[in-house]
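Written below as structure tokens is the structure these notes are about.
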Amino acid sequence: MKRFLALLTILALIITSSGLFAQNVRIDLRLNTEKADSSNYFNWVLGNDVTKDSFDTSTGASRSSSTATFDVVRYDSVTTKKATMPASFRGIVLFPVSSFQSIKDDGLTVTEGSNGLVIRYVHRGTAYQMTTDKKGNFNVRTDAKIARGIAENIGGNFVFKSQYTKAGTDGTNTSDLDWSKITLVSDEKDPAASRWYDGSVTIKYKKGVMTIKGVLKEGK
């Protein structure tokens, strides 16, 4: 009996202290970059919590509210809110639970090059770029870049500064941005974050459909 009670005590300690153990996150998503597609999805697993999400056309929002609930992964804690991963990666995983108009507005492109995939988009005046190796591996710590300060917020609309636009454009459309004129810097976790994510996911692209799968490991 004493041995049984001791085992119960140990089990209780394990359960109550589960927050001390690493909470890895598993990512699995599908996104049609060329048209609205009801088969798009964003599934993610944090510890033992499973979230299966997609875009709800009737409400114009994500069915499982990943746009908000994924913050438990995105930030180190609810109080400090230090980024645990690149902003570009957090943004890309939310496209499947957003309308196709969001993809068009942000100018999302996926280009297949000799060295791998190049993924680019612009959100609220900030440019994001993610690259993979030839096998489609994207390292969350090293393969993301960002360019801030390239646009001005004019009445709620972001307009690219003239020095960053293509000739003959006024900077009001995402397609007006000349990527060769901007300076991309490393897009990383917040250096002050108390925890973060390491590792790689695999990104594949075929006939306009992008998939991202993999497990990111929590570091502290």
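Side notes on the structure shown:
- Selection within region 11-42: residues that are out of contact with any Phe, Trp or Tyr (no Cβ under 9 Å at 6 or more places or on another chain) and surrounded by fewer than 10 Cβ atoms within 10 Å (Cβ to Cβ). The member of this set that is modelled with the highest pLDDT is 20.
- Per the listing 135, 206, 161, the residue uniquely exposed (fewer than 12 other Cβ atoms within 10 Å of the Cβ) and touching a Gly at 6+ places or on another chain (Cβ under 9 Å) is 135.
- Residue 122 satisfies every condition listed in (1) in a loop (DSSP other than H, G, I, E, B); (2) β-branched (Val, Ile, Thr); (3) without any contact (Cβ under 8 Å) to a residue 60 or more places away in the chain except (1).
- Hey, residue 102 surrounded by fewer than 19 Cβ atoms within 10 Å (Cβ to Cβ), of a type in the set (Gly, Ala, Ser) and within 15 Å of the chain's Cα centre (by Cα) or not: yes
The values are calculated or read from the model by the stated rules, or taken from the named source; none is laboratory data. All figures in this text were calculated on a predicted structure; none of them were measured in a lab. Note that each Cβ is placed from the backbone with ideal geometry, even for glycine, and that neighbours are counted across all protein chains shown.
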